[in-house]
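The values are calculated or read from the model by the stated rules, or taken from the named source; none is laboratory data. Here the structure is a predicted model, which means the values were calculated and not measured. Note that we place each Cβ from the backbone using ideal geometry, even for glycine, and neighbour counts take in every protein chain shown.
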Amino acid sequence: MLAPLSLALLADGSRTWNQYVQTTFYRLDRVPDLTEPMVLRGLGLILIGILLLVILALTGVWSSAGLLVTAVYALAAVATAAVPALMEAFWSRSPILPTLVLDAIGFGLPVALLPITAAMGGALALARRRPAAPAITALLGMIAVPAMLLLGALALVWGYSRGVYQALMTFDFRLDVVAAACILVGAVLIVLGILVTRWSPYSLVLPGLAVPALSAVVLLPDPAIDGLLSNRAGAAVWTFLSGGGGPALGALFLVFTIVLASVRFRARRAARQGEVAAPETLRPLEETASPLPPTAASSRTGTSTPTAP
């Protein structure tokens, strides 16, 4: 339940924060006043949502099951993003379905975060079975993982802006095959990139630092941001980063790096203890067998054991 609850809080906080940012014409030229109710509520909900995501990632220290279960939500999120008609069905049931779900879809939170959490569960499961990570694969992963995540994000953003984002703007929920294909390809690339961290455990440090930094950059009073907002893809990126999506993604990457290192350390220690204990169970038979009784020993040597009178 942590995953949907965290997304709901992130969506509500992002919507409130986004309303405040719009009052500044999409530019923060001053430090936000934390005493303002809109700022306090928006940032507070975002922080709580990020905290729940961090707790979800920390459960991977003990078990990969919690993260793997989010694959069910991830499949639903990808299907909804690829087929906007499903989102229209949600919209028509808005009196029953919480509005926060629609807000989360609008900010791109489910399709961006849920495949990542599911893939993190898979990477932890692989690391528990084979914790070794050769130096060459760890080095290559430092390049491959960010590249795969970047390519996946670009495909996901382009497909999302052409499909879901366009549908929300125009209320045209017809299927766009190219947009759906881009969303599927982007999700697969992101999942594969996270799975590769099993062989390169520290490859998410750079993306974990870069994404929150980009979230701060898109709120700066820079004319380049106006160009970003002038097209659908740029507007989709700004919407995700300016809310709780960017900080949540960065926190998830960094915490998962620590969790993965902990899981690999414990798995290697258990493997070493198993290797040490194995020779003890394979000692020669004569060392572990009980000594022969005196009568049997004397019968082998041909002598008799004297008996007391």
Sole residue being at pLDDT 90 or above, closer than 23 Å to PRO212 by Cβ, touching a Leu at 6+ places or on another chain (Cβ under 7 Å) and of a type outside the set (Val, Ile, Thr), chosen from ALA57, ALA104: ALA57
Options LEU114, LEU52: the member that is out of contact with any Cys (no Cβ under 7 Å at 6 or more places or on another chain), surrounded by 22 or more Cβ atoms within 10 Å (Cβ to Cβ) and at pLDDT 80 or above: LEU114
Extreme residue, modelled with the lowest pLDDT, among residues of region 34-43 that are surrounded by fewer than 20 Cβ atoms within 10 Å (Cβ to Cβ) and out of contact with any Leu (no Cβ under 9 Å at 6 or more places or on another chain): THR35
Residue check for VAL78: part of a helix (DSSP H, G or I), on the phi < 0 side of the Ramachandran plot and loosely packed, with under 14 Cβ neighbours inside 10 Å: no
Any chance LEU241 is in a helix (DSSP H, G or I), surrounded by 19 or more Cβ atoms within 10 Å (Cβ to Cβ), modelled with pLDDT of 90 or more and not β-branched (Val, Ile, Thr): no
Some residue of region 254-273 being surrounded by fewer than 10 Cβ atoms within 10 Å (Cβ to Cβ) and modelled with pLDDT under 75: no
